[in-house]
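For reference, the structure discussed in these notes is given below.
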Amino acid sequence: MATQYGLSKEYKLLNSQDFSYLRSGSKQFACPSFKVYFKKAQFNLEHSRLGISVTKKVGNAVRRNRTKRIIREFFRTQDSLRVKGLDLLIVISPRLYKNDDLSQSEGYLKTNLEKLTKYLSKDTL
């Protein structure tokens, strides 16, 4: 279960086997700022797990960690995503921060995460 202000380990993809499982044979959702790989949970779990990949090209450590924090918080607050039984890998593109307006980029990220939620709610695996 999600802790009060974060995700517990059971909701996270933690090792390289989990990430490589999602890279092969999974469905994808793409937008200019990120790509999402998803498929049914590897161990037939009742809850979803989240993995986030952010390269150094996105920016300095502060920007990369802020991006991951926004995504984790969005996932934590979306009960419909957490109970779906999916493994999700979100790969952030450096194009997210092509302009230097941080608040605009974060708003764009949140808008696209909402589109992802709608897409996953109608998609049947």
Only listed residue being crowded, with 17+ Cβ neighbours inside 10 Å and on the phi < 0 side of the Ramachandran plot, chosen from SER16, SER20, SER48, SER24: SER48
The listed residue being modelled with pLDDT under 90 and touching a helix residue (DSSP H, G or I) at 6+ places or on another chain (Cβ under 8 Å), out of TYR108, TYR37, TYR119: TYR108
Test: residue in the stretch 84-101 that is farther than 20 Å from ALA30 by Cβ and in contact with an Asp or Glu (Cβ under 7 Å, 6 or more places away or on another chain): yes
Subset of the stretch 41-95 (residues that are closer than 21 Å to ARG23 by Cα, in a loop (DSSP other than H, G, I, E, B) and either small (Gly, Ala, Ser) or without any contact (Cβ under 8 Å) to a residue 12 or more places away in the chain (or both)): ALA41, PHE43, SER48, GLY85, SER93
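Results for (1) at positive phi; (2) touching a Phe, Trp or Tyr at 6+ places or on another chain (Cβ under 8 Å); (3) at pLDDT 85 or above, shown as yes or no for each residue.
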{"site": "ASN44", "(1), (2), (3)": "yes, no, no"}
{"site": "SER53", "(1), (2), (3)": "no, yes, yes"}
{"site": "ASN60", "(1), (2), (3)": "no, no, yes"}
{"site": "PHE75", "(1), (2), (3)": "no, yes, yes"}
{"site": "ARG82", "(1), (2), (3)": "no, yes, no"}
{"site": "ARG95", "(1), (2), (3)": "no, no, yes"}
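Per-residue answers, yes or no, for (1) farther than 22 Å from TYR5 by Cβ; (2) surrounded by 12 or more Cβ atoms within 10 Å (Cβ to Cβ):
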residue	(1), (2)
PRO32	yes, no
LYS56	yes, no
LEU81	no, yes
LEU89	yes, yes
ASN112	yes, yes
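The values are calculated or read from the model by the stated rules, or taken from the named source; none is laboratory data. Worth saying up front: this structure is predicted, and the values here are computed from it rather than measured. So basically every Cβ, Gly included, is an ideal-geometry build from the backbone, and we count neighbours across all protein chains shown.
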